[in-house]
Amino acid sequence: MAAATDHEKILALQHNCERVIKGKADVIRQIIVGVLARGHVLIEDVPGVGKTTLARLLARSIDCAFQRIQFTSDLLPSDILGVSIFNKDKQAFEFKPGPIFANIILADEINRTSPKTQSALLEAMGTATVSIDGQTRSLPRPFMVIATQNPIEFHGTFPLPRAQLDRFMVRVHMGYPAPGDERTILREQVLIGGIEHVQPVLSAGDIIAMQEKVLDVKVDEAIIGYVQAIVQATRESSLIELGVSTRAALSLRACAQARAFVEGRDYCSPDDVKRMAVPVLAHRIQVARAFESELATAHRDDEEVLERVLNDVPVPL
């Protein structure tokens with residue numbers, strides 16, 4: 001039997017997640033794009049729509065080390081990174097690694113812990129290393145953080161600072177299922193125990209190999225110019241108080257390459273850039289206060305503003 005192609009492997013990963021999460025193919029694909037672009041993903045939405053389930057599904061679909069960290073107000077940085085403990089027999093300190101030393105980390109309800117503990121993830125998310133007791137330790141490959149948060153409930157939460165938000169390559173929203181999909185969920189009870197029957201379809205080595213191939217996806221000058229024009233527009237628009245960074249521009253380029261790879265192409269198109277612009281850039285902008293009251297949605301202001309800005313940027317032919 002012939003070995004599966006990369007495109008077939010990606011489809012198998014998506015279908016594995018869709019066995020439990022119904023009607024969210026676009027969301028699942030955006031997360032897969034984030035994985036292949038070597039990024040971290042923030043899943044934001046109201047409770048009970050499958051944020052944690054989707055993160056666990058992705059981890060179960062890839063045969064690699066997985067750790068779930070429930071973020072609470074009393075969580076300490078050492079609870080994430082690890083701690084050195086004195087060994088009486090050896091008369092020396094031994095490092096006991098924390099849950100951050102895994103391939104996929106589920107940071108559940110990340111905005112429920114203190115900024116000090118949130119910042120413990122910054123180095124890990126930026127460089128895939130952690131510095132503890134004067135030593136820098138490398139994290140396993142592949143490494144990614146999938147974080148969840150509820151944007152509606154603010155009591156007892158600590159909003160993520162801009163520096164932390166900028167470390168997330170992609171932000172997605174689950175949304176409520178369509179009536180037909182919700183009926184299927186009710187009939188099959190797929191959110192109750194269904195995840196335990198999901199088997200891995202990819203290995204950590206498969207993900208690393210595909211991440212390397214994504215880097216070879218061609219990006220011509222017209223696409224680079226389009227990315228730069230979008231980034232510059234966020235910095236010049238009167239709707240936006242704070243535009244996106246160069247890191248955001250690099251993230252958009254990487255996600256455009258990853259999306260092209262997911263679609264089975266070895267070159268980027270303008271549509272790859274435009275489709276990924278909102279998931280990659282919206283959470284990184286600061287909407288101008290003068291325009292917040294004009295926007296229709298209470299919790300998607302940044303996305304609505306970015307859509308307006310995108311519509312004014314010419315798309316290369």
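Residues are listed down the side, and each one gets a yes or a no for (1) within 18 Å of Leu36 (Cβ to Cβ); (2) among the small types (Gly, Ala, Ser):
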{"residue": "Gln232", "(1), (2)": "no, no"}
{"residue": "Arg235", "(1), (2)": "no, no"}
{"residue": "Leu239", "(1), (2)": "no, no"}
{"residue": "Gly243", "(1), (2)": "no, yes"}
{"residue": "Ser251", "(1), (2)": "yes, yes"}
{"residue": "Ala254", "(1), (2)": "yes, yes"}
{"residue": "Ala258", "(1), (2)": "yes, yes"}
{"residue": "Gly264", "(1), (2)": "yes, yes"}
{"residue": "Cys268", "(1), (2)": "yes, no"}
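Evaluation of Val172 against the conditions (1) over 15 Å from the mean Cα position of the chain (by Cα); (2) crowded, with 19+ Cβ neighbours inside 10 Å; (3) closer than 21 Å to Ala248 by Cβ; (4) of a type in the set (Val, Ile, Thr) shows that the sole unmet condition is (1). Is it fair to say Ser61 is in contact (Cβ under 8 Å) with a residue 60 or more places away in the chain, hydroxyl-bearing (Ser, Thr, Tyr) and touching a Leu at 6+ places or on another chain (Cβ under 6 Å)? Yes.
The set of residues in segment 9-32 being in contact with a strand residue (DSSP E or B) (Cβ under 8 Å, 6 or more places away or on another chain) and closer than 17 Å to Val201 by Cβ consists of Lys9, Ala12, Leu13, Ile31. Just so you know, in segment 162-208 the residues that are of a type in the set (S, T, N, Q) and within 18 Å of Ala12 (Cβ to Cβ) include one that is modelled with the highest pLDDT, and it is Ser203.
Here are some residues: Gly23, Gly39, Gly48. Which one is surrounded by fewer than 21 Cβ atoms within 10 Å (Cβ to Cβ), part of a loop (DSSP other than H, G, I, E, B) and either at pLDDT 90 or above or touching a helix residue (DSSP H, G or I) at 6+ places or on another chain (Cβ under 7 Å) (or both)? When all the criteria are applied, what remains is Gly23.
The residue that is nearest to Gln232 (Cα to Cα), counting only those in segment 281-295 that are in a helix (DSSP H, G or I) and at pLDDT 85 or above, is Leu281.
The values are calculated or read from the model by the stated rules, or taken from the named source; none is laboratory data. Keep in mind that what you see is a predicted model, and the values were worked out from it rather than measured. No Cβ is skipped: glycine too gets one built from the backbone with ideal geometry, and neighbour counts run over all protein chains shown.
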